[in-house]
Amino acid sequence: MATPDARLAGVELYFDDLPAAKRFYAETLGLKLDEDDPAHHAKLAAGDGFVCLERKGLEHYPSANKAVVFLEVPSVRVAVERIGAPYVVRSDVMGPRPWAAVRDPEGHTVLLLERPR
């Protein structure tokens, strides 16, 4: 059954090194930390949604390891400059809809899309 009015509430990713993940998403990407349980998870605000970072092995229903987080930002060029080259995998900051793929400390891809004007 299709749910055409569904909206994305959030994304959860699993990590071996939760402190490194939390630093990357909070400090490098600049998301606001909303919940912090160092033994279990960290939840960060991402616009109207959230990104939840959870320590691997604690969930009774873990997902597969493949995940991509999509975040809209005001300027991909500015975001890439702030994040730094070591995290950037590929980017097109000059195209009609600028984007950049960056990697977090455990290899999850975060795709930054420029917010439409």
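Only the coordinates and a few stated rules stand behind these numbers; no lab work does. Only a predicted model underlies this, so the values are computations on that prediction, with no experimental measurement involved. Positions of Cβ are generated from backbone atoms using ideal geometry, with glycine treated the same way; all protein chains shown enter the neighbour counts.
Summary of values
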item: Dipole magnitude of the chain, debye to nearest 20 (Cβ charges: Lys/Arg +1, Asp/Glu -1, about Cα centre); result: 460 debye
item: Order of 70, 15 - criterion: other Cβ atoms within 10 Å of each residue's Cβ, fewest first; result: 70, 15
item: Per-residue [θ]222 nm for the chain (sum of -39500 (n - 2.57) over DSSP H runs n ≥ 4, rounded to 500); result: -3000 deg cm²/dmol
item: Shape call, the chain: gyration tensor on alpha carbons, a/c limit 1.5; result: oblate
item: Footprinting exposure proxy for 110, 11 (fewest neighbouring C-beta atoms within 10 Å first); result: 11, 110
item: Whole-Hz ³J(HN,Hα) from phi, Karplus 6.51 cos²θ - 1.76 cosθ + 1.60, for segment 87-99, glycine and proline x; result: 8, 7, 8, 8, 7, 9, 8, 10, x, x, 10, x, 8
